[in-house]
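This report refers to the structure that appears directly beneath it.
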Amino acid sequence: MKLPEFELPALIARVGARLPQLPPTLALVSALNLGLGRIVSRETLEPLAGRAFAIRVLDAGLTLRFKYDGRRFQPLFGTAAVALTVSARLRDFIALLTREEDPDALFFNRRLLMEGDTELGLLVKNTVDGIDFSQLVPERLKSPLRPLRQA
């Protein structure tokens, strides 16, 4: 099933920008840390050590700032500069994660923006491209009809 085109209402972005950004950032770094060593090797992430990042979900008003210290991801506090900011609408981030959209296509259509260290951006893109997201979905959820077929 194809992800429908959508954009969150502007009110959500205005409200989201005023809310504390720490709770969604903690959710993101927790998810990233769960994948360390399981989905992405720590060696693959070595070039990211000591670097700070921001993910901006434009239509949600969220800016999630975090860093990788070489062992784990952590929220980034204060106004420290980030090396790379990746921005897109929520729908486009979902499309990337589900592999429905190619990051290059989104980038060239100006739906995915990267600001900062372009070499780091390419490294992050290639790392994400190498992740098999199907590992994240439990087998029983991949095909809800499978139990019916076995009967």
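The values are calculated or read from the model by the stated rules, or taken from the named source; none is laboratory data. Every value quoted in this text rests on a predicted model; they were computed, and no experiment measured them. Virtual Cβ from ideal backbone geometry, glycine too; neighbours counted across all protein chains shown.
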Would you be able to tell me the number of residues in the stretch 5-41 that are over 19 Å from the mean Cα position of the chain (by Cα) and not hydrophobic (A, V, I, L, M, F, W, C)? 3
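Here's the yes/no breakdown for (1) at pLDDT below 95; (2) closer than 26 Å to Arg18 by Cα:
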{"residue": "Ala60", "(1), (2)": "no, yes"}
{"residue": "Pro75", "(1), (2)": "no, yes"}
{"residue": "Ala80", "(1), (2)": "yes, yes"}
{"residue": "Thr85", "(1), (2)": "no, yes"}
{"residue": "Glu100", "(1), (2)": "yes, no"}
{"residue": "Thr127", "(1), (2)": "yes, no"}
{"residue": "Pro144", "(1), (2)": "yes, no"}
{"residue": "Pro147", "(1), (2)": "yes, no"}
May I ask you to list the residues in the stretch 63-92 that are more than 12 Å from the chain's Cα centre (by Cα) and among the hydrophobic types (A, V, I, L, M, F, W, C)? Phe73, Leu76, Phe77, Ala80, Ala81, Val82, Ala83, Leu84
Would you be able to tell me the number of residues in the stretch 31-53 that are surrounded by 11 or more Cβ atoms within 10 Å (Cβ to Cβ) and assigned to a helix (DSSP H, G or I)? 7
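Examine the stretch 76-91 for a residue that is surrounded by fewer than 16 Cβ atoms within 10 Å (Cβ to Cβ), assigned to a loop (DSSP other than H, G, I, E, B), without any contact (Cβ under 8 Å) to a residue 24 or more places away in the chain and β-branched (Val, Ile, Thr), and state whether such a residue exists. Please lay out each step first, then the result.
Looking only at the stretch 76-91, we keep the residues that are surrounded by fewer than 16 Cβ atoms within 10 Å (Cβ to Cβ), and these are 77-81.
Checking which are assigned to a loop (DSSP other than H, G, I, E, B) leaves us with 77-81.
Of the ones still in play, those that are also without any contact (Cβ under 8 Å) to a residue 24 or more places away in the chain are 77-79.
Narrowing the set further to residues that are β-branched (Val, Ile, Thr) leaves 79.
Within the stretch 76-91, one or more residues are surrounded by fewer than 16 Cβ atoms within 10 Å (Cβ to Cβ), assigned to a loop (DSSP other than H, G, I, E, B), without any contact (Cβ under 8 Å) to a residue 24 or more places away in the chain and β-branched (Val, Ile, Thr).
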So Leu28 passes all but one of these: (1) assigned to a helix (DSSP H, G or I); (2) more than 21 Å from Glu101 (Cβ to Cβ); (3) in contact (Cβ under 8 Å) with a residue 12 or more places away in the chain; (4) not basic (Lys, Arg). Which condition number does it fail? (2)
